[in-house]
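Coordinate-derived values only; no laboratory data. Predicted, not measured: the structure shown is a model, and the values here were computed from it. Cβ coordinates were reconstructed from backbone atoms using ideal geometry, including for glycine residues, and neighbour counts include every protein chain displayed.
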Amino acid sequence: MSKKERIDKILSNMGYGSRKDVKKKIKNGIVTVDGKIIKNNSFKVNPYDSKIKIGRNVVKYREYVYIMLNKPDGFVSSTYDPINTTVIELLDEKYKIFDPFPIGRLDKDTEGLLILSNDGKLAHNILSPNKHVDKTYYVEVKGKVTKEDILKFKEGVYIEEDYKTKPADLEILTTDDISKVNLTIREGKFHQVKRMFKAVDKEVIYLKRVKMGKLCLDEDLNLGEYRELNKKEIELLSK
Ligand code: URA
């Protein structure tokens, strides 16, 4: 369960205004905790144990936020970067105040499904190497992808001198000078998809993640758009 937090932080995190706005509300005596007016901004309360009200409204507290983003090219999957624009900068202030972070990384030029949350436990569940959460990518590749490549990926390919990838499922959609494929992997090594194709002498020219675990990218989200996950989707992610 959550620990005690400052009342002004709780209220601003729940969208009742900036810290400054909230402090004004507290000063005006309209905030109560378990029926008592609180005028001290730094008063600490466990929002799960106490009833917080602003005037007549009961504050519905939540600790975590879960966001599905259709990541566009050109943004880095981190919370801070001195040079590049981060995916966090795509979010509205009302989500940024939760301090979300990307669960797993996509390269700067990779598009598609990225989950942002401040739930460290969920992140651990998804990213832990022994959980083997499937990740499916739509990939465009220079050159003809062949049935042999399907077998090689099933078998595992060396992306480092002494590292062979785990069995991966390659599905050829179309193949010509440029091939279009879906690839499902169960690991998350750095540049894994690009390096797997390099291992079979091919070059990835477009990469988009379309699925994580049982959760698919919402096709209604344009690049750079995002929405909160619903309860069912959060459960799907943890499966
Ligand atoms: N594999 C890659 O090569 N890049 C990504 O962004 C994700 C998987």
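List of remarks:
- Debye, to nearest 20: dipole size of the chain, +1 on Lys, Arg Cβ, -1 on Asp, Glu Cβ: 1780
- Between LYS9 and SER78, the modelled label-to-label distance comes to 2.5 nm, taking each label 7 Å out from Cα in the direction of the beta carbon.
- 3J(HN,Hα) from dihedral phi, the range 124-133, Karplus parametrisation 6.51/-1.76/1.60, rounded to Hz, x for glycine, proline: 4, 4, 7, 8, 4, x, 7, 8, 6, 5
- Size check on the chain: the Cα extents along the three principal axes, sorted descending, read 72, 32, 31 Å.
- Ordered from longest to shortest, the equivalent ellipsoid semi-axes for the range 9-140 are 37, 17, 11 Å, each the square root of 5 times a Cα gyration tensor eigenvalue.
- The length gained by stretching the chain between GLU187 and THR146 to full extension, at 0.36 nm per residue less their Cα-Cα distance, is 12.5 nm.
- All distinct Cα pairs of the range 106-179 go into the 1/r average, and the inverse of that average, the Kirkwood radius, is 14.9 Å.
- Taking all pairs of distinct alpha-carbon atoms in the range 5-58, Kirkwood radius in angstrom: 10.6
- Exposed-loop-free span, longest in the chain, where chymotrypsin sites (Phe, Trp or Tyr not before Pro) count as exposed if DSSP calls them loop and at most 12 other C-beta atoms lie within 10 Å: 81-189
- Using a Förster distance of 41 Å, the FRET efficiency for ASP99-ILE30 (Cβ separation, nearest 0.05): 0.95
- Each residue of the range 163-180 was assigned a 3J(HN,Hα) from its phi angle through the Karplus curve 6.51 cos²θ - 1.76 cosθ + 1.60 (θ = phi - 60°); the sequence is 10, 9, 5, 6, x, 10, 9, 10, 10, 8, 8, 9, 9, 7, 4, 10, 9, 10 Hz, with glycine and proline shown as x.
- Estimated from the Cβ-Cβ distance and a Förster radius of 30 angstrom, the FRET efficiency linking LYS60 and ASP220 is about 0.65.
- In this structure, the residue pairs whose Cα-Cα separation is over 30 Å, taken from LYS3/LYS214; LYS164/LYS208; LYS96/LYS202; LYS121/LYS152, are LYS3/LYS214; LYS96/LYS202; LYS121/LYS152.
- Scattering profile of the range 135-212 at q = 0.13, 0.25 Å⁻¹ [log10 I(q)/I(0), Debye over alpha-carbon scatterers]: -0.31, -1.28
- With loop membership from DSSP and a limit of 12 other Cβ atoms within 10 Å, the longest segment of the chain without GluC sites (Glu not before Pro) is 1-160.
- Dmax and Rg, reported as Rg then Dmax, of the range 31-80 (C-alpha, Å): 17.6, 51
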